[in-house]
1. So what is the 222 nm mean residue ellipticity for the chain from helices alone, if each DSSP H run of at least 4 adds -39500 (n - 2.57) and you divide by all residues, rounding to the nearest 500 deg cm²/dmol?
2. Could you point to the label whose value was computed as percent of Cα pairs over 27 Å apart for the structure here, given [x] 44; [y] 37; [z] 65?
3. Given Cβ point charges of +1 (Lys, Arg) and -1 (Asp, Glu) and nothing else, what value in debye, to the nearest 20, does the dipole of the chain about its Cα centre take?
4. Cα axis of helix 39-49 to longest principal axis of the chain: angle in degrees, 0 to 90, nearest 10?
5. Relative contact order for the chain using alpha-carbon pairs under 8 Å, separation at least 6, rounded to a whole percent?
6. Along the Cα-to-Cβ line of Ala205, 7 Å from the Cα, sits a label point; which residues in segment 153-192 have backbone N less than 19 Å from it?
7. Among Leu102, Leu179, Leu197, whose mean-square fluctuation peaks in a Gaussian network model of the chain (Cα, cutoff 10 Å)?
8. Between Leu197 and Glu48, what's the calculated FRET efficiency when r is the beta-carbon distance and R0 is 35 Å? Round to 0.05.
Amino acid sequence: MIKVADEPRARPLFYERALPGCIMVNQAGRRYMNEAASYHVAGKRMLEADAPGAGTAPSWIVFDARFRGLYPMGPIMPRIPDWMFRRAVRALLVRADSVEELARKLGLPAGALEETVAKFNAGARRGEDQEFGRGHQAYDRYYGDAKVQPNPNLFPLEQKPFYAMPVYPGDIGTKGGVLTDANAQALDSEHRVIAGLYAIGNAAASVMGGSYPGAGATLGPAMTFGYVAARHASGANS
C-alpha cells in the first residue's frame, strides 16, 4: 500500500505493480518478488522477506518517465505534471535524473540499485524475468498492458527522470476470523458451539483456509453461509 499523510486510508496497489516499467526493491536496492503476483501473495512476501539491512517496510517501487506518462501509481495519475499534485502526494514522489541519483535520495546502495535495474532491463528487453518469472502466469498478464509484447508485464526502466515511492505491507480483510460449524455457528477454543452466535464472510475463518483463488472469493461463501445461518437461527432446519 501507499500511505498519503493527509488521507484516512492507505491506497492499495492491486494492479499497478504488474504494469510494465516498474520494479519493487528492498532497502538493500534489490528485487525480492514477482511484482505482478496477487496482492495477498505480494503482501505475504513483503513480510517474509523483511530482514536487517534489507528491510521491506518500506520497500520502494521504482519506475521511469515512460511509466509515469502511461500509467497510474497510487495517487499519481499519468499526464498530470508533478507540480499539480497536492503537497502530501508530492512528498511521496522521489524524482531523479539517474538511477544513481535516485539511490542516493532514497538512501539505497547506488551500485546495488544500478545493478538491479540493469539486470531487470536486460531481461525485460527480451520479455523475460529470469529472477522471478513475472508475466509467466495468466494472473500476472491480466493486470499487464496487452499492447506491450512479448510480455505485457515488462519493459525496461531507461527513460529519465526516474521515480520512486515508498510501499508498505497492508491488509484489506482477513482469512483468520471466527471458526464456525456447518451451520455458521461460532465455535469456542474447544470447538464447542457458542449458542446464538454466528459468523460469515470476513468475520469467519475462510472455507479455503490460507489460500485465495481470486478476487471476490469471499462473496460466494458469505452469501451461502448467510443463508445457512439465517435458516438455522430461525429454526427452518428443524
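1. So the helix-based figure for the chain works out to -7500 deg cm²/dmol.
2. [x]
3. So the magnitude is around 540 debye.
4. Orientation of helix 39-49: about 70 degrees from the principal axis.
5. Value for the chain: 22 percent.
6. Residues 173-192 fall inside that zone.
7. Leu197
8. That pair, Leu197 with Glu48, gives E of 0.55.
Each reported figure results from applying straightforward, stated rules to the coordinates on display, with no laboratory input. The model shown is predicted, which means the values in this text are computed figures rather than measured ones. Neighbour counts run over all protein chains shown; Cβ positions are idealised from the backbone, glycine included.
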